[in-house]
């Protein structure tokens with residue numbers, strides 16, 4: 001594969017450490033770093049070479065509020081008294097340790113938030129005769145390996161459709177796309193849903209097979225694949241994943 | 001700082017990180033005490049606005065706390081690891097479009113403590129820094145500026161090109177070839 005070329009690896013690692021990469025390239029490179037230890041080692045070697053350059057950067061004492069904020073953030077969850085309004089995703093992170101029940105609640109809240117956000121614009125994008133149902137049926141918050149949310153996928157019915165909201169700019173390298181998969185409950189079989197190649201919100205009608213894939217899925221996952229025909233099964237490692245939750249409860253499955 | 005003192009300080013930071021990995025908050029406090037002024041200086045130099053640098057610093061220390069166990073003492077100096085955590089955090093913040101959009105609203109004079117090159121600090125550079133600067137000295141002046149503008153201020157090749165009034169392609173080539181030369185020089 002192209003990224004195994006040592007010269008290219010060296011070029012990318014040096015540009016990354018030197019701070020010379022544009023934003024989307026940086027994010028793509030960081031995604032590559034997570035799965036490629038050889039690349040990681042090249043980056044570390046460049047860090048060792050160039051970091052002495054900051055030796056002459058003047059020290060500046062940060063204001064005390066930074067430490068106060070840090071103390072709140074590193075304290076055990078039980079002792080946390082948020083003294084400043086926590087961001088929405090921080091709230092999600094805060095609940096994570098309390099287990100599946102709290103996580104489901106948080107995801108329900110997410111679903112509601114997504115529904116609220118998308119409601120005014122979801123309608124006109126999809127051709128239909130009857131007014132589309134605007135309550136989401138399924139939602140998955142896909143996270144990267146450091147548990148940062150990357151993608152919110154929401155499935156609606158009447159008519160069946162998917163809304164994919166990237167939470168960061170997902171621009172893959174040229175010739176690559178991010179492929180979203182539905183991972184089936186029980187069997188673990190991955191079925192392709194759609195492809196993402198930018199930070200834009202995507203709205204896509206779903207066929208019966210797609211709806212079935214969502215309904216029977218345990219989770220959704222994203223891999224980096226070659227652009228072109230949709231592969232039958234994932235070729236690359238899973239970059240992002242998240243449980244796919246039925247927002248109407250289990251009776252409707 | 002002589003090399004023995006530097007080794008001792010490095011060892012101490014390594015021990016503090018090891019205690020952080022075990023959830024020791026007092027060790028985290030000591031680590032912050034010992035390193036935050038340096039790391040804030042690094043963030044401020046890239047971001048040039050105190051509010052942004054504070055945000056980057058806070059996120060960087062949360063990462064340091066959470067990933068303290070991933071710091072590998074065999075790899076090298078703890079400070080190198082921490083500096084690059086804060087550098088990456090700062091560069092990510094700088095590259096976010098919503099921050100860039102506010103560029104025009106920012107007035108340099110208002111941020112009094114904006115870091116600039118400090119001649120006094122330059123006079124007491126470490127041996128390692130002098131070595132890197134020596135290798136950078138093998139490059140042409142403009143080529144060296146390209147690398148330093150990227151490294152210290154996080155400027156993209158496009159921004160460096162605008163600053164130096166040169167084509168972007170030239171800047172990219174200079175940076176690429178310049179870094180290869182620096183590597184050859186340092187790895188000798």
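The values are calculated or read from the model by the stated rules, or taken from the named source; none is laboratory data. This one's a predicted model, so the numbers in the text were calculated from it and none came from an experiment. Every residue, glycine among them, receives a Cβ derived from its backbone with ideal geometry; neighbour counts consider all protein chains shown.
Rundown of residues vs (1) in contact with a helix residue (DSSP H, G or I) (Cβ under 6 Å, 6 or more places away or on another chain); (2) assigned by TED's automatic domain parsing to the domain that holds residue B:27; (3) modelled with pLDDT under 85; (4) within 21 Å of residue A:52 (Cβ to Cβ), yes/no style:
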| position | (1), (2), (3), (4) |
| --- | --- |
| B:88 | no, yes, no, yes |
| B:91 | no, yes, no, yes |
| B:97 | no, yes, yes, no |
| B:102 | no, yes, yes, no |
| B:156 | no, no, no, no |
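Residue A:17 - would you say it is in contact (Cβ under 8 Å) with a residue 12 or more places away in the chain, within 8 Å of chain B (Cβ to nearest Cβ) and within 17 Å of residue B:87 (Cβ to Cβ)? For residue A:17, the condition - in contact (Cβ under 8 Å) with a residue 12 or more places away in the chain, within 8 Å of chain B (Cβ to nearest Cβ) and within 17 Å of residue B:87 (Cβ to Cβ) - is met. Residues of the range A:234-245 that are in a strand (DSSP E or B) and at pLDDT below 85: A:238, A:239. Just one of the listed residues (B:155, B:179, B:164) is touching a residue at least 12 places away in the same chain (Cβ under 8 Å) and at the interface with chain A (Cβ under 9 Å from one of its Cβ atoms), and it is B:179.
Remark: pairs (first residue in the range B:120-138, more than 19 Å from residue B:5 (Cα to Cα) and more than 8 Å from chain A (Cβ to nearest Cβ); second residue at pLDDT 90 or above and exposed (fewer than 14 other Cβ atoms within 10 Å of the Cβ); Cβ separation under 9 Å; 6+ apart in sequence or on different chains) = B:135/B:184.
Total residues in the range A:181-233 satisfying the condition of being assigned to a strand (DSSP E or B) and either closer than 17 Å to residue A:243 by Cα or free of Cβ contacts under 8 Å to residues at least 40 places away in the same chain (or both): the figure is 17.
Restricting the range A:158-169 to residues that are within 14 Å of chain B (Cβ to nearest Cβ) and not in a strand (DSSP E or B), the residue that is farthest from the chain's Cα centre (by Cα) is A:169.
Give the range B:17-29 a look and list any residue that's without any contact (Cβ under 8 Å) to a residue 24 or more places away in the chain and either closer than 14 Å to residue B:82 by Cα or in a loop (DSSP other than H, G, I, E, B) (or both), or say none.
Within the range B:17-29, the first condition is being without any contact (Cβ under 8 Å) to a residue 24 or more places away in the chain, and the residues that meet it are B:19, B:22-27, B:29.
Result: B:22, B:23, B:24.
Can you work out which of the residues in the range B:62-84 that are surrounded by fewer than 18 Cβ atoms within 10 Å (Cβ to Cβ) and in contact (Cβ under 8 Å) with a residue 24 or more places away in the chain is farthest from residue A:26 (Cα to Cα)? Here the answer is B:73. The set of residues in the range A:1-14 that are under 19 Å from residue B:180 (Cβ atoms), in a helix (DSSP H, G or I) and out of contact with any helix residue (DSSP H, G or I) (no Cβ under 7 Å at 6 or more places or on another chain) comprises A:6, A:7. For the range A:20-45, filtering for residues that are facing another protein chain (nearest Cβ under 8 Å) and over 17 Å from residue B:90 (Cβ atoms) leaves 1.
Restricting to the range B:33-63, count the residues that are touching a helix residue (DSSP H, G or I) at 6+ places or on another chain (Cβ under 6 Å), within 8 Å of another protein chain (Cβ to nearest Cβ) and over 18 Å from residue B:151 (Cα atoms). Count: 4.
Yes/no matrix, rows are residues, columns are (1) crowded, with 17+ Cβ neighbours inside 10 Å; (2) more than 21 Å from the chain's Cα centre (by Cα):
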site	(1), (2)
B:126	no, no
B:134	no, no
B:157	yes, no
B:165	no, yes
B:179	yes, no
B:182	yes, no
